[in-house]
1. What spacing in nm lies between the two simple spin-label points modelled at TRP63 and LEU86, each 7 Å away from Cα in the Cβ direction?
2. May I have the pair-distance distribution P(r) for region 13-58, computed from all Cα-Cα distances with 10 Å bins from 0 and rounded to whole percent?
3. Using a Gaussian network for the chain with springs between C-alpha atoms less than 10 Å apart, which of these wobbles most: ARG25, ARG89, ARG46?
4. For the chain, which whole percent of the accessible surface, found with a 1.4 angstrom probe, sits on carbon and sulfur atoms?
5. Just the accessible area per residue of the chain, please: how many Å² with a 1.4 Å probe?
6. Working out 0.36 nm times the residue gap between VAL109 and VAL34, then minus their Cα-Cα distance, what length gain in nm do you get to one decimal?
7. Once fully extended, how much extra length lies between LEU93 and ARG142, figured as 0.36 nm per residue of separation less the alpha-carbon to alpha-carbon distance?
8. Explain nothing, just compute: Karplus ³J(HN,Hα) = 6.51 cos²θ - 1.76 cosθ + 1.60, θ = phi - 60°, for every residue of region 25-31 in order, whole Hz, x for Gly and Pro.
Amino acid sequence: MGLGGILVGTLPRFAVSPHVALAWRRESGFSFGVDDLCSILPGTGRLGVGVYNQTSVAFGYAWKDGEVRIGPSFSLYSMPACGVALCGRVVGLAPGGHALANVYFAGPVGVSVSANVDWVGGQSAVLPGGWAAMFVAGPVFRWRSK
């Protein structure tokens with residue numbers, strides 16, 4: 001779970017971001033993971049609640065105390081946004097790429113750093129299409145099955 005800010009158009013907004021990930025490691029070091037990050041922007045004003053959900057499938061390498069993964073992502077969004085002269089709701093789908101690194105320094109406790117870049121295309125009276133980037137860092141906890 002993450003708490004923080006998100007910049008939507010020209011205005012920063014508070015966001016709550018639940019994150020779920022499943023990862024599998026092989027003895028060879030091969031790693032595969034599915035991650036889902038859903039940023040929820042609480043409703044303010046007449047435009048209501050916003051959601052930006054990113055799902056990724058990534059492959060990489062894992063070792064005893066960490067892992068790195070990279071792969072494609074797909075985002076769905078519906079959120080209020082403000083441009084220079086107009087506010088409204090933007091809705092769409094965005095293809096992108098995802099990278100993640102987890103390092104465990106105290107048994108099951110570690111730090112996770114991830115980045116996602118999406119191509120937000122289409123026509124909108126509120127915001128032009130372009131690149132959207134997200135960078136997240138924070139604690140991570142690992143559960144192992146034997």
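The values are calculated or read from the model by the stated rules, or taken from the named source; none is laboratory data. The structure presented is a predicted model; accordingly, all values stated were derived computationally and were not measured. Don't worry about glycine lacking a Cβ; one is built from the backbone with ideal geometry, like all the others, and counts go over all protein chains shown. Each accessible area value is taken on the protein alone, full model and side chains, heavy atoms only, with ligands, DNA and RNA left out. Shrake-Rupley method; radii C 1.70, N 1.55, O 1.52, S 1.80 Å.
1. Between TRP63 and LEU86, the simple spin-label model gives 5.2 nm.
2. 25, 35, 22, 12, 5, 0
3. Among ARG25, ARG89, ARG46, the largest mean-square fluctuation in the Gaussian network model of the chain belongs to ARG46.
4. About 69 percent, which is the carbon plus sulfur part of the accessible surface.
5. Values: 8790 Å² over 146 residues.
Computed with neighbouring chains in place, this is 60 Å² per residue.
6. Details: separation 75, 0.36 × 75 = 27.00 nm, distance 1.99 nm.
Full-extension gain reported as 25.0 nm.
7. 14.5 nm
8. In residue order, the calculated couplings are 10, 9, 4, 6, x, 4, 10 Hz.
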